[in-house]
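The values are calculated or read from the model by the stated rules, or taken from the named source; none is laboratory data. The structure presented is a predicted model; accordingly, all values stated were derived computationally and were not measured. Every residue, glycine as well, gets a Cβ built from its backbone with ideal geometry; the counts of neighbours run over all protein chains shown. For accessibility, only protein heavy atoms count, side chains too; no ligands or nucleic acids. Shrake-Rupley method; radii C 1.70, N 1.55, O 1.52, S 1.80 Å.
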Amino acid sequence: MTSSARPSSQSSARRAGIEVDGLHASYLTAGDPKATAVLLLHGTYWSRVWLPILDDLAAAGLRPIAVDLPGLGRSAGELTPETAAVPALASWVARFASVLGLADPLNVVGHDIGGAVAQHLLTGDQVEVARLGLVNSVTYDSWPVPAVARFRDPAVRAAVTQEELLAARRKALTAAIGRPASEDEITEYLAPWTDPRVARSWLCLAAAADGRYTLDAVPALATSPAPKLLVWGTEDTFQPISYAERFADQTPNTSLIRIPGAGHIPMENDPAAVAGAIADFVRQAPQS
């Protein structure tokens with residue numbers, strides 16, 4: 001395992017890494033390594049989306065682990081449309097958890113497409129999931145949104161330049177962050193996509209985006225006894241809260257916590273509320 005400097009002067013979180021499938025897998029973590037682990041999965045962004053809540057989760061007695069999926073963020077490798085599909089990413093996350101020594105059952109929280117991966121982990125047979133959290137996640141047929149769906153066309157992916165992709169990600173981030181952001185923040189968020197390898201991986205993630213993975217999971221989610229938590233920014237224009245309300249209404253053992261005024265990345269709008277909701281959920285006594 002390797003560690004590097006803290007990712008932010010305002011956070012005690014640290015970046016570390018392990019090898020999965022012979023390649024470096026990077027993750028952010030905080031708190032006591034012996035504390036109850038919470039595995040945090042990103043979607044069309046990277047582990048940076050979880051940074052605002054890592055300290056609060058650690059202070060609540062948890063061990064947050066925000067991993068960068070392969071080829072994305074600070075992790076090595078390069079995705080293809082096949083390895084970027086939700087089932088393949090879920091398999092990779094299961095291997096990551098095994099190498100890191102996380103024992104079943106896992107506490108898993110997913111944001112955006114990471115929520116589809118989390119749902120697949122719960123309904124699959126590779127790991128046991130104790131609790132499932134979804135933060136402004138894709139559900140049902142809510143994805144891919146048009147800004148991502150256009151990259152499913154091979155001709156569009158082949159024609160887009162790295163500068164055009166960076167401009168598209170900047171536009172999406174500006175809308176998703178749900179508040180005024182400094183140029184330094186935006187630059188930090190966009191930094192991974194300045195690497196052509198990561199840019200190509202992200203395009204493959206977009207190419208593999210397919211609502212059938214969440215639609216197919218609906219029956220198993222409805223019969224799963226695992227507790228489920230939805231934490232949702234009410235002003236999200238990418239994953240409207242109506243989807244969360246539908247999920248909570250149709251899926252047993254599900255609770256919904258709204259984050260008023262927050263956008264697609266509510267961790268950036270009200271980190272204390274998001275962290276508090278996740279911490280309370282994970283620390284609940286097991287159901288008998």
Pair list, Cβ under 8 Å, 6 or more apart: the range 242-269 residue in contact (Cβ under 8 Å) with a residue 12 or more places away in the chain and of a type outside the set (Phe, Trp, Tyr), other residue part of a strand (DSSP E or B) and open to solvent by 50 Å² or more (accessible area, probe 1.4 Å): 248/255
Failed criterion for residue 250 (all others in (1) within 22 Å of residue 136 (Cβ to Cβ); (2) surrounded by fewer than 17 Cβ atoms within 10 Å (Cβ to Cβ); (3) touching a Pro at 6+ places or on another chain (Cβ under 7 Å) hold): (3)
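Would you mind stating whether residue 174 is hydroxyl-bearing (Ser, Thr, Tyr), touching a Phe, Trp or Tyr at 6+ places or on another chain (Cβ under 9 Å) and over 18 Å from residue 72 (Cα atoms)?
Working: hydroxyl-bearing (Ser, Thr, Tyr): yes; touching a Phe, Trp or Tyr at 6+ places or on another chain (Cβ under 9 Å): no; over 18 Å from residue 72 (Cα atoms): yes.
No: the conditions fail for residue 174.
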Qualifying residue in the range 188-198 (condition: at pLDDT 95 or above and either outside any helix (DSSP H, G or I) or closer than 25 Å to residue 107 by Cβ (or both)): yes
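Just give me the residues in the range 130-142 being within 22 Å of residue 44 (Cβ to Cβ), surrounded by 19 or more Cβ atoms within 10 Å (Cβ to Cβ) and of a type outside the set (Gly, Ala, Ser), in sequence order.
Initial filter on the range 130-142 (within 22 Å of residue 44 (Cβ to Cβ)): 132-142.
Those left that are additionally surrounded by 19 or more Cβ atoms within 10 Å (Cβ to Cβ): 132-139, 142.
The answer is 132, 134, 135, 136, 138, 139.
Residue-wise test of (1) within 17 Å of residue 268 (Cα to Cα); (2) crowded, with 16+ Cβ neighbours inside 10 Å.
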residue: 147; (1), (2): no, no
residue: 153; (1), (2): no, no
residue: 157; (1), (2): no, yes
residue: 167; (1), (2): no, no
residue: 170; (1), (2): yes, no
residue: 178; (1), (2): yes, yes
Condition broken by residue 157, with the remaining ones in (1) over 18 Å from the mean Cα position of the chain (by Cα); (2) in a loop (DSSP other than H, G, I, E, B) satisfied: (2)
Matching residues in the range 180-194 - criterion: being surrounded by 13 or more Cβ atoms within 10 Å (Cβ to Cβ), over 14 Å from residue 265 (Cβ atoms) and free of Cβ contacts under 8 Å to residues at least 24 places away in the same chain: 191
Residue list for the range 253-262, restricted to those being surrounded by fewer than 21 Cβ atoms within 10 Å (Cβ to Cβ) and at negative phi: 254, 255, 256, 257, 258, 260
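Show me the strands (runs of 3 or more DSSP E) entirely contained within the range 1-109 in which 3 or more residues are open to solvent by 20 Å² or more (accessible area, probe 1.4 Å) and hydroxyl-bearing (Ser, Thr, Tyr).
Values: elements: 14-20, 23-29, 36-41, 62-67.
Because the criterion is at least 3 residues that are open to solvent by 20 Å² or more (accessible area, probe 1.4 Å) and hydroxyl-bearing (Ser, Thr, Tyr), no strands (runs of 3 or more DSSP E) in the range 1-109 meet it.
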